[in-house]
Amino acid sequence: MDICVCDTLEKEIPHQIKIYVDKKRFGKLVTIVEGLDAKELDKIAKDLKHMLSTGGTSKNGIILLQGNHKEHVKTALLKLGFKEEHISMR
């Protein structure tokens, strides 16, 4: 019988979450969130879209949110339980 602590260790390793704004087609701004765990990406994207009342998607390990929501995303991630020292904005 093996005892696996893989899930526990994975949660203890801090991920550096990066939040930044980019300009896409036709001059539209999008907020990009990267560095989140791939297993929870869809759930976090859904929660962020709901909390910020905006559209968006999650693919290739990043979350794209329509519009400039840099400050609001940081506040929302803190409410979701992420630590401030693991979140960086540029």
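The table that follows gives values for the structure above.
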item	result
Full-extension gain in nm, Phe26 to Lys43, via 0.36 nm per residue minus C-alpha separation	3.2 nm
Gap separating the Cα centres of the stretch 18-35 and the stretch 44-70, nearest whole Å	10 Å
Residue order, fewest to most surrounding Cβ atoms within 10 angstrom, among Lys46, Lys59	Lys59, Lys46
Interchain or long-range residues, amide H under 5 Å from Ile87's placed H	Ile17
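We did not get these values from a lab; they are worked out from the coordinates using the rules stated. Source: prediction; values computed, not measured. Cβ sites come from the backbone with ideal geometry, for glycine too, and all protein chains shown count toward neighbours.
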